[in-house]
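Student: Dropping a structure here in structure tokens format, bear with me for questions.
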Amino acid sequence: MEKSQIKKIIISIVAIILVAGLGSVFVRIGMDWFNALRKPVQWVPNIVIPIVWTVVYLAFAVINFFWFKNEDVPTSTIILMLINGVLNVLWCLTFFTLKLLFLGNIVILLNLIAGFVLIVNIFEYKKLFGYILSIYPVWLSIATTLNLALWILN
């Protein structure tokens, strides 16, 4: 493996850890507030949420490792990954830390759209990676629905 490939892999992994870490910090800040919100009867058990996000982040890390190891990732894909990461952190900040339910809905909706655009982009280049990462927009769809329900109920 070339030095430039190793550098790209490290940057990619650090970016994923940064998104997950910042998101986690913002979530923890607002967890007491979140736990006090009225939730719909269809709410997923709280233990499921961090497990799914961990799987999503690990999937991105593994895919990026193999993709960067074997070839260059298209610039459009990198930009879309960055946009999704920023939107993910922004949602955690807006929803949990700032406790802005309506604005949180707008941000997560933008994140959902960006997630689908990202997956379509990845499918264009690497179908297998697209299938593996399809958990991301599926989970964002569920999260968006739950987020909307929280806004309606609270």
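The values are calculated or read from the model by the stated rules, or taken from the named source; none is laboratory data. This structure is a prediction, so every number in the text was calculated from the model and none was measured. Please note: Cβ atoms are built from the backbone with ideal geometry, for glycine as well, and neighbour counts cover all protein chains shown. Keep in mind that these areas ignore ligands, DNA and RNA; they rest on the heavy atoms of the full protein, side chains included. Shrake-Rupley method; radii C 1.70, N 1.55, O 1.52, S 1.80 Å.
Student: Applying the selection to the stretch 1-16, what residues are without any contact (Cβ under 8 Å) to a residue 40 or more places away in the chain, among the aliphatic types (A, V, I, L, M) and open to solvent by 80 Å² or more (accessible area, probe 1.4 Å)?
Tutor: Ile10, Ile11, Val14
Student: Here is a follow-up. Cys92 fails exactly one of the following numbered conditions: (1) more than 18 Å from Asn46 (Cα to Cα); (2) buried (at least 21 other Cβ atoms within 10 Å of the Cβ); (3) of a type outside the set (A, V, I, L, M). What is the number of that condition?
Tutor: Unmet for Cys92, out of (1) more than 18 Å from Asn46 (Cα to Cα); (2) buried (at least 21 other Cβ atoms within 10 Å of the Cβ); (3) of a type outside the set (A, V, I, L, M): (1).
Student: Also: Does at least one position in the stretch 96-119 carry a residue that is hydroxyl-bearing (Ser, Thr, Tyr) and open to solvent by 50 Å² or more (accessible area, probe 1.4 Å)?
Tutor: Taking the stretch 96-119 first, the residues hydroxyl-bearing (Ser, Thr, Tyr) are 97.
Now drop any that are not open to solvent by 50 Å² or more (accessible area, probe 1.4 Å), which leaves none.
Checked against the condition, which is being hydroxyl-bearing (Ser, Thr, Tyr) and open to solvent by 50 Å² or more (accessible area, probe 1.4 Å), the stretch 96-119 yields no hits at all.
Student: Mind counting the residues in the stretch 57-112 that are basic (Lys, Arg) and within 27 Å of Leu153 (Cα to Cα)?
Tutor: 1
Rundown of residues vs (1) in contact (Cβ under 8 Å) with a residue 24 or more places away in the chain; (2) closer than 21 Å to Leu18 by Cβ; (3) not β-branched (Val, Ile, Thr), yes/no style:
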| site | (1), (2), (3) |
| --- | --- |
| Leu103 | no, no, yes |
| Ala114 | yes, yes, yes |
| Leu118 | yes, yes, yes |
| Val138 | no, no, no |
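Student: In addition: What tally of residues in the stretch 26-49 results from selecting those that are of a type outside the set (D, E, K, R) and open to solvent by less than 70 Å² (accessible area, probe 1.4 Å)?
Tutor: Step one: filter the stretch 26-49 for residues of a type outside the set (D, E, K, R), giving 26-27, 29-31, 33-37, 40-49.
Imposing the further condition that a residue be open to solvent by less than 70 Å² (accessible area, probe 1.4 Å) reduces the set to 26-27, 30-31, 33-34, 37, 40, 43-44, 48-49.
Qualifying residue count, the stretch 26-49: 12.
Residue-wise test of (1) modelled with pLDDT under 90; (2) aromatic (Phe, Trp, Tyr); (3) more than 20 Å from Trp151 (Cβ to Cβ); (4) within 16 Å of the chain's Cα centre (by Cα).
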| residue | (1), (2), (3), (4) |
| --- | --- |
| Val19 | no, no, yes, yes |
| Gly23 | no, no, no, yes |
| Gly30 | no, no, no, no |
| Phe60 | no, yes, yes, yes |
| Asn88 | no, no, no, yes |
